[in-house]
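Structure, as structure tokens:
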Amino acid sequence: MINNNPIGLFDSGIGGTSIWKEIHQLLPNEDTIYLADSKNAPYGEKSKEDIIQLSYKNTEFLLNQNCKIIVVACNTATTNAIKELRNKYDVPFIGIEPAIKPAALYSKTQKIGILATKGTLNSELFYKNVEQFQNIQIIEQIGFGLVELIEKGKINSSEMKNLLTQYLTPMIESNIDYLVLGCSHYPYLIPKIKKIFPSNITIIDSGEAVAKQTKKILTENVGLREIHKKNTHTFYSNTNPKVLSDMLKNCFTIIQKDF
């Protein structure tokens, strides 16, 4: 089945580019359109209703660009709005959730850590996922301030190092052996986290699983792009696109646009 329309992705900012990179690596022939709603970041501090309305707005922007599938490249938007999005629109949606299951299944200490936004940890969907693993001790930590620093391009700042040390040290002391990253911004912090963690703690994010699910739905239900056509990747930001441009190494078209 052939479908030359683009894959659409949206996030509360630049973090979802970590998901975009996984999808692009697995599906290099596909066109993509990425929407960075940095003006409203972080979503994790907003109400459920606000998150739903922002997700509607982002979806309609991508649908106006003829996207054939939409990846909600934001844990908070997925856990708070994916059900409403699927009920309202006909296009297939791929969500992103914290990868609790593999961490819980493989943990030897029976203790795992989850670093996520307030909006994700307080969501009904997250609670339902955690409820399945009564035998596992889950140490939850809201990543206050992390998204804001990433959006400002301050990944390597002393503020970032201090916050991560503050959030991760209790997890080390609790003897976790897996850390689940529950925000699409956080994979950009993995090098920093590894400097704090001992080598026996495994870090898990959801990017690869999201890319595989996207390929599966396209292959089975929607259609893949013709291989011989030259592809394009367009990124929209509603704030200064410099940090987004730096993340992407200035390799792609970035358009600053209010939406």
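Give the residues of the range 223-257 that are free of Cβ contacts under 8 Å to residues at least 24 places away in the same chain, open to solvent by 50 Å² or more (accessible area, probe 1.4 Å) and under 30 Å from ASN156 (Cβ atoms), sorted by residue number.
ASN240, LYS249, ASN250, CYS251, PHE252, THR253, ILE255, GLN256, LYS257 - these are the residues of the range 223-257 that are free of Cβ contacts under 8 Å to residues at least 24 places away in the same chain, open to solvent by 50 Å² or more (accessible area, probe 1.4 Å) and under 30 Å from ASN156 (Cβ atoms).
Would you mention how many residues in the range 98-109 are surrounded by fewer than 22 Cβ atoms within 10 Å (Cβ to Cβ), of a type outside the set (Gly, Ala, Ser) and outside any helix (DSSP H, G or I)?
Qualifying residue count, the range 98-109: 2.
In the range 131-170, how many residues are open to solvent by less than 60 Å² (accessible area, probe 1.4 Å), assigned to a loop (DSSP other than H, G, I, E, B) and either aliphatic (A, V, I, L, M) or at pLDDT below 95 (or both)?
4
Residue check: is ILE112 farther than 11 Å from GLY182 by Cβ and surrounded by 22 or more Cβ atoms within 10 Å (Cβ to Cβ)?
Yes: the conditions hold for ILE112.
Sort through ASP205, ASP177 and tell me the only one that's of a type in the set (Asp, Glu) and crowded, with 20+ Cβ neighbours inside 10 Å.
ASP205
How about the range 120-130: which of its residues are open to solvent by 90 Å² or more (accessible area, probe 1.4 Å) and either charged (D, E, K, R) or part of a helix (DSSP H, G or I) (or both)? Walk me through it before giving the result.
To start, the set of residues in the range 120-130 that are open to solvent by 90 Å² or more (accessible area, probe 1.4 Å) comprises 122, 124, 127-128.
Across the range 120-130, the qualifying residues are GLU124, TYR127, LYS128.
Would you confirm whether or not the range 61-71 contains a residue that is closer than 17 Å to PHE235 by Cβ, among the aromatic types (Phe, Trp, Tyr) and in contact (Cβ under 8 Å) with a residue 40 or more places away in the chain?
yes
ILE255: outside any helix (DSSP H, G or I) and not acidic (Asp, Glu), yes or no? Break it down into steps so the answer makes sense when it comes.
Working: outside any helix (DSSP H, G or I): yes; not acidic (Asp, Glu): yes.
Judged against the criteria, ILE255 is a match.
Can you find even one residue in the range 164-185 that is β-branched (Val, Ile, Thr), farther than 15 Å from SER18 by Cβ, touching a residue at least 24 places away in the same chain (Cβ under 8 Å) and in contact with a Ser or Thr (Cβ under 8 Å, 6 or more places away or on another chain)?
yes
Can you pull out every residue in the range 171-193 that is under 18 Å from VAL147 (Cα atoms) and either among the β-branched types (Val, Ile, Thr) or part of a helix (DSSP H, G or I) (or both)? Talk me through it step by step, then tell me what you get.
At the first step, the residues of the range 171-193 found to be under 18 Å from VAL147 (Cα atoms) are 179-193.
Correct list: VAL180, TYR186, PRO187, TYR188, LEU189, ILE190, PRO191, LYS192, ILE193.
Looking for whichever is among the hydroxyl-bearing types (Ser, Thr, Tyr), at pLDDT 95 or above and closer than 17 Å to SER12 by Cα here; the options are TYR178, TYR186. Which one fits? Break it down stepwise before answering.
On the way: TYR178 fails: closer than 17 Å to SER12 by Cα.
The match here is TYR186.
Restricting attention to the range 105-138, which residues are aromatic (Phe, Trp, Tyr) and touching a residue at least 40 places away in the same chain (Cβ under 8 Å)?
Taking the range 105-138 first, the residues aromatic (Phe, Trp, Tyr) are 106, 126-127, 133.
Listed by number, the residues that qualify are TYR106, PHE126.
What are the residues in the range 73-95 that are in contact with a Cys (Cβ under 8 Å, 6 or more places away or on another chain) and more than 17 Å from ALA41 (Cα to Cα), if any?
Hit for the range 73-95 is VAL91, nothing else.
In the range 194-218, which residues are in contact (Cβ under 8 Å) with a residue 12 or more places away in the chain and assigned to a helix (DSSP H, G or I)?
Scanning the range 194-218 gives ILE196, GLY207, GLU208, ALA209, VAL210, ALA211, LYS212, GLN213, THR214, LYS215, ILE217, LEU218.
The values are calculated or read from the model by the stated rules, or taken from the named source; none is laboratory data. This is a predicted model, so every value here is computed, not measured. So basically every Cβ, Gly included, is an ideal-geometry build from the backbone, and we count neighbours across all protein chains shown. Note: areas computed on protein heavy atoms with side chains; ligands, DNA, RNA excluded. Shrake-Rupley method; radii C 1.70, N 1.55, O 1.52, S 1.80 Å.
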